[in-house]
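Asker: Below are the structure tokens for one structure; questions will follow.
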Amino acid sequence: MDILLQLLLLVVGFVMLIKGADWFVEGASKIADRFGIPQLVIGLTIVAMGTSLPEAAVSISAAVQGSAEITIGNVMGSNILNVLIILGLTSVVRTISVQKSTVYYEIPFVIIVTAVLAGVGLMDNRVSRLEGVLLWVFFIAYMLYLLVMAKKGAPMEDVPEAGKNESLLKLIFFVIFGAAIIVFGSDITVDAATKIATAFGMSERFIGLTIVALGTSLPELVTSVTAAIKGKADIAVGNIVGSNIFNVLFVVGTTALITPVTYAAGFTVDSIVAIASGVLLFLCVIKGKKLTRTGGIIMLVGYAAYFVYLIR
């Protein structure tokens, strides 16, 4: 009965993370729009960070609770899932066009920062506060790049137009309530996932790489596949790559600033897979600036092989 309760709590935690992030992004986007901040800038910053809030909340909560392996497992697992499963499924539904800047700048950048994280983590099996500062330096550089892109008028996804007649207090409530739901949801998720892992003899690494990673990636999965079905999948690659960059630099960087993060030697293969998934994405889109069904199938097969490795 206790296991069933923990499974129920895990589902409840995931629902809270997804809805909390949704409310936070909606409220923050509309407040920014109300004060005249361009939709492009809103999309590049608030919305992109909003999709990484579940990962951030779970990772920070896990580190504070002493379950640090879930932190790296969640980020690496989410980034692998984002590319191999979410983009794989999305491109099987519909071929995805990829912006030139995403191909030549953002995809290589996510490969580089993932390699940097793996390098500093595996060097002494932890990400220290100083290394957290390094990740934040990269994060600030990335934000400056986004602002330059915004000034150049680079195209960006549609962001819900703010209803000018909506109450500012209502929008502020959405932001505060959404953030609170994310925090509570992360606590519930980490606690339930840890207890389930312990009960079944699973490691925190495995639970972080699979169950928690999938749960925190659900917003991206639902959004990307739904967009593909509606014929609006062109933004999927840019969004996923941006989310992966935020996960490495903002999520791990912020967590490390709060408390040093354990980076166990067991994450070596997962780190290689995370880097390889970025390289595979680059190779699939470099020629035609499109992610085709063939590329999507290769990605799904790649994840299947990786999952077999995890459960072996």
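The values are calculated or read from the model by the stated rules, or taken from the named source; none is laboratory data. Everything numeric in this text was worked out from a predicted model, so none of it was measured. Because the Cβ atoms are built from the backbone with ideal geometry, glycine has one as well, and the counts that use them run over all protein chains shown. Ligands, DNA and RNA are stripped out before the accessible areas are found, and what is left, the full protein with its side chains, is counted by its heavy atoms. Shrake-Rupley method; radii C 1.70, N 1.55, O 1.52, S 1.80 Å.
Asker: Tyr105 versus Val15, label points 7 Å from Cα toward the beta carbon: distance in nm?
Answerer: 4.2 nm
Asker: Can you work out the FRET efficiency for the pair Val133 and Ile176, with r the C-beta to C-beta distance and R0 = 30 Å, to the nearest 0.05?
Answerer: With R0 = 30 Å, the Cβ-Cβ based efficiency is 0.55.
Asker: Send over the Kirkwood Rh of the chain, from the inverse of the averaged 1/r over different Cα pairs, rounded to one decimal Å.
Answerer: Over the chain, the inverse of the mean reciprocal pair distance is 19.5 Å.
Asker: Under a crude label model (7 Å from the Cα following the beta-carbon direction), how far is Leu122 from Ile258 in nanometres?
Answerer: Each label point lies 7 Å from its Cα, and together they span 2.7 nm.
Asker: Using the Cβ atoms and a cut-off under 13 Å, what net charge is assigned to the surroundings of Val269, where Lys and Arg are +1 and Asp and Glu are -1?
Answerer: +1
Asker: Under DSSP H, which helices of the chain have Cα atoms covering 18 Å or more of the helix axis and a Kyte-Doolittle average no less than 0.5?
Answerer: Sorted by number, the helices that extend far enough and score high enough are 2-34, 48-64, 68-80, 107-124, 129-151, 168-199, 213-229, 268-285, 293-311.
Asker: Just the number please: accessible area per residue for the chain, 1.4 Å probe, all protein chains included, in Å².
Answerer: Solvent-accessible surface per residue comes out at 43 Å².
Asker: Let me ask something additional. Taking the highest mean first, how do the peptides 295-301, 73-79 order by number of other beta carbon atoms within 10 angstrom per residue?
Answerer: 73-79, 295-301
Asker: Non-local amide H neighbours of Arg126 (under 5 Å, H modeled in plane, Pro and chain starts lacking H): which ones?
Answerer: Placed amide hydrogens put Tyr263 under 5 Å from Arg126.
Asker: For a Förster distance of 45 Å, can you work out the FRET efficiency between the beta-carbons of Glu166 and Ile297, rounded to the nearest 0.05?
Answerer: Result of the calculation: an efficiency of 0.55.
Asker: How do the peptides 200-208, 55-63 rank, highest first, by the average count of neighbouring beta carbon atoms within 10 Å per residue?
Answerer: 55-63, 200-208
Asker: Before anything else, pin down the relative contact order of the chain: Cα pairs under 8 Å, at least 6 apart, normalised by residue count, whole percent.
Answerer: After rounding, I find 44 percent.
Asker: Where does the charge balance sit around Val212 when Lys and Arg score +1, Asp and Glu -1, over other residues with C-beta under 10 Å from its C-beta?
Answerer: Cβ neighbours under 10 Å give a net charge of -2.
Asker: For Leu283 and Tyr145, FRET efficiency with R0 = 22 Å and r from the beta-carbon atoms, rounded to 0.05?
Answerer: 0.45
Asker: Return the carbon/sulfur percentage of the accessible area of the chain, one whole number, probe 1.4 Å, all protein chains in place.
Answerer: It is 72 percent, rounded to a whole number.
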